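These notes concern the structure reproduced below.
The values are calculated or read from the model by the stated rules, or taken from the named source; none is laboratory data. If you're wondering where the values come from, they're calculated on a predicted model, not measured in any experiment. In this analysis, Cβ positions are derived from the backbone assuming ideal geometry, glycine residues included, and neighbour counts consider all displayed protein chains.
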Amino acid sequence: MKQLVKNSLFYSLVLVIVFAAVFPFYYAIITSFRSGSELFSTSLLPTSFNWDNYTGIFVEQPFGTNILNSVIVATSVVVISLAIAVTASYALARIPFKGRGLMLMTILSVSMFPQVAILSGMFELIRSLGVYNSLTGLIIPNTVLMLPFTVWVLTTFMREIPKELEEAAIVDGASSFTIIWRVFLPLMWPALVTTGLLTFIGAWNEFLFALTFTLSNEVRTVPVAIALLSGASEFELPWGRIMAASVTVTVPIVVLVLIFQRKIVAGLTAGAVKG
Amino acid sequence: MALALSSGEQVGAGGNRSQLTTARIRAAWLFLSPMLIALAVVAAWPLARTFWLGFTDANLSDLSQSQFIGFENFYAVYDGEAYGLLVDPEWWNAVGNTLYFTVVSVALETVFGLVIALVLHANFKGRGLVRTAVLIPWAIPTIVSARMWGWMLHDQFGVINAALMTLGIIDTPIAWTANPDTAMWAVIIVDVWKTTPFMALLILAGLQMLPNDIYEAAKVDGVGPVRVFFRVTLPLLRPAIVVAVVFRALDALRIFDLIYVLTSNSTDTMSMSVYTKQQLIDFQEMGYGSAAATLLFMIVAFMTVITLIAGKLRFDGEGER
């Protein structure tokens, strides 16, 4: 009897956790299929199945372009920061040199610093490079934003590769670059995928730079487009469309995270716990 | 934190080896140079420029027309009246809001994260599914979660007001995000919902590293589960929790997007980042806004240094892991 009470209490706790985690997204999905006066219904069950909001954001608003912008920016950020981070993290993880600990600490601190602290200097830089209101003007600051994080996570992964492989290569007279290219990279694919995915999500979600360094809707990324989505009048937010846009961009990310959940959890905890 | 950093590879004695070491150290700096150059040009330089602009009267509309004005953005006295950030009640309001938000949200996230981690650590049917469900809030972009909750907390058509009224908890709808008494709580609720999974995952990783034999010993001795939790689990888990709390707190101190989207520029919830962005971009006060950015940077840097020092001392004392 006591066991039964305990079990039912435990499972109610589990239910509460699952409900709290899933309900807001579920409610966003059912809202996105409501339009017109249907929107004012607070029913918890799907009441209609109407694609108006989805056609609205893609036909009447450049949301397709916004998604493409986000994909371009996030992909470029991943490629550039991984390319820079692979060699840097090899040096940080495998070669003992003076000041390594200090440099790692600096990198960790930089990854935790508030973006707004460099906003005005960055604004000036972006303007003087002539890339204001362009995708290049978003890729540059986002890369710098994600680079320390990428280096940090990759370094923790790099440390776990057995020393013997590297030593054998050194004995064979391989140069450091050959070691990275021939020994580490083939072993690093899972780590690169995880790190790349985390960097992608970070760049995909970035808001402050994307909001500040763009002017026109055609170069905006998804978060900014969703934040600034406006309706017929200033006082009436198009909630149906906002929810449709939110669901559109969240479903792929959620699917990605669910597919790679083990890797992502490993990457996140490697970045924090083992640091 | 510093522990893992000092455990470099041992390089044996011998002249040949040391020559090799020199070559490898040279390679290390070569490998680091792209990152260092990138960070210097696109991070350190803008940061230095921001500091400099904080001492000028720069305006966003024409950056070339700026003049050095010393500390006037921070503090200046004209005709017996004090001006500047240090006497600006709105700035201090933003500082207070940020600290309040950080303390409350991180505390709640730690408690909920601990509960969820303990649940996920237990052995039960459907655990994988629950873990997947818990990851969803983390996967949802901040802007999207701000919008989703903005809709659920809507004063007229929001599902939360409807539910609370049906249950008879409130009689009239609450304007959650507009009412000064509830606006900060709305922000905290959304942040806790979004970031508790991160906290839970970090604590869970810590839980999974705990040695099993201690629990078996406690079982043999007939120690109750509550006592085991407070006397064994919590003390052993402390390092993992401390790291998670530090990460979350530093993240919370720079909060911008959630507040900006949920309650826009309302003074009830304005954080340091929102205040700075408003001065810089909306009011075009590049100099004054840069001064605010500098102060914000100092506050966060100060807290980071304190944490790093505290963390280093303790972790070094623990010895090799």
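Out of (1) crowded, with 21+ Cβ neighbours inside 10 Å; (2) more than 25 Å from the chain's Cα centre (by Cα), what's the single condition that is false for B:I143?
Checking B:I143 against (1) crowded, with 21+ Cβ neighbours inside 10 Å; (2) more than 25 Å from the chain's Cα centre (by Cα), the one that fails is (2).
Condition check ((1) facing chain A (nearest Cβ under 10 Å); (2) surrounded by 15 or more Cβ atoms within 10 Å (Cβ to Cβ); (3) among the polar types (S, T, N, Q)) across all residues:
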| position | (1), (2), (3) |
| --- | --- |
| B:G54 | yes, yes, no |
| B:A58 | yes, yes, no |
| B:A76 | no, yes, no |
| B:L86 | no, yes, no |
| B:E90 | no, no, no |
| B:A94 | no, yes, no |
| B:V104 | no, yes, no |
| B:F112 | yes, yes, no |
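Go through region B:125-138 and give me each residue that's small (G, A, S) and either closer than 14 Å to B:A200 by Cα or in contact (Cβ under 8 Å) with a residue 24 or more places away in the chain (or both). Give the derivation first.
First pass over region B:125-138, keeping only residues small (G, A, S): B:126, B:128, B:133.
B:A133 - this is the single residue of region B:125-138 that is small (G, A, S) and either closer than 14 Å to B:A200 by Cα or in contact (Cβ under 8 Å) with a residue 24 or more places away in the chain (or both).
Quick one: B:M209 ticks every box in (1) buried (at least 18 other Cβ atoms within 10 Å of the Cβ); (2) at the interface with chain A (Cβ under 10 Å from one of its Cβ atoms) bar one, so which box is it?
All conditions pass for B:M209, except number (1).
Taking B:V261 as the residue in question, decide whether it is facing chain A (nearest Cβ under 10 Å), in contact with a Ser or Thr (Cβ under 7 Å, 6 or more places away or on another chain) and in a helix (DSSP H, G or I). First the steps, then the outcome.
Numbers: facing chain A (nearest Cβ under 10 Å): yes; in contact with a Ser or Thr (Cβ under 7 Å, 6 or more places away or on another chain): no; in a helix (DSSP H, G or I): yes.
Judged against the criteria, B:V261 is not a match.
Return the residues of region B:161-177 that are crowded, with 21+ Cβ neighbours inside 10 Å and either facing chain A (nearest Cβ under 9 Å) or assigned to a helix (DSSP H, G or I) (or both); say none if nothing qualifies.
Of the residues in region B:161-177, the ones crowded, with 21+ Cβ neighbours inside 10 Å are B:161, B:176-177.
If the condition is that a residue be crowded, with 21+ Cβ neighbours inside 10 Å and either facing chain A (nearest Cβ under 9 Å) or assigned to a helix (DSSP H, G or I) (or both), then B:N161 is the only one that fits.
Can you give me the number of residues within region A:156-172 that are under 26 Å from the mean Cα position of the chain (by Cα) and loosely packed, with under 13 Cβ neighbours inside 10 Å?
1
Name the helices (runs of 4 or more DSSP H) wholly within region A:49-155 that hold at least 2 residues that are within 12 Å of chain B (Cβ to nearest Cβ) and under 18 Å from the mean Cα position of the chain (by Cα)?
A:63-94, A:100-112
Out of everything in region A:19-48 that is within 10 Å of chain B (Cβ to nearest Cβ) and over 26 Å from the mean Cα position of the chain (by Cα), what residue ends up being modelled with the highest pLDDT?
A:L44
Of the residues B:A291, B:A244, B:A301, which is buried (at least 21 other Cβ atoms within 10 Å of the Cβ) and under 14 Å from the mean Cα position of the chain (by Cα)? Walk me through it before giving the result.
Working: B:A291 fails: under 14 Å from the mean Cα position of the chain (by Cα); B:A301 fails: buried (at least 21 other Cβ atoms within 10 Å of the Cβ).
It is B:A244.
Does B:F247 satisfy the criteria of being more than 10 Å from every other protein chain (Cβ to nearest Cβ), farther than 23 Å from A:L211 by Cα, aromatic (F, W, Y) and part of a helix (DSSP H, G or I)? Outline the logic, then answer.
Numbers: more than 10 Å from every other protein chain (Cβ to nearest Cβ): no; farther than 23 Å from A:L211 by Cα: yes; aromatic (F, W, Y): yes; part of a helix (DSSP H, G or I): yes.
So B:F247 fails the test.
So, A:S8, is that one in a helix (DSSP H, G or I), more than 9 Å from chain B (Cβ to nearest Cβ), modelled with pLDDT of 90 or more and surrounded by fewer than 21 Cβ atoms within 10 Å (Cβ to Cβ) or not?
So A:S8 fits the description; yes.
When region B:245-295 is examined, which residues are found to be without any contact (Cβ under 8 Å) to a residue 12 or more places away in the chain and within 22 Å of B:F55 (Cα to Cα)?
If the condition is that a residue be without any contact (Cβ under 8 Å) to a residue 12 or more places away in the chain and within 22 Å of B:F55 (Cα to Cα), then B:F283 is the only one that fits.
Looking only at region A:173-186, decide whether some residue is within 12 Å of another protein chain (Cβ to nearest Cβ), part of a helix (DSSP H, G or I) and within 19 Å of the chain's Cα centre (by Cα).
No, region A:173-186 has no match at all.
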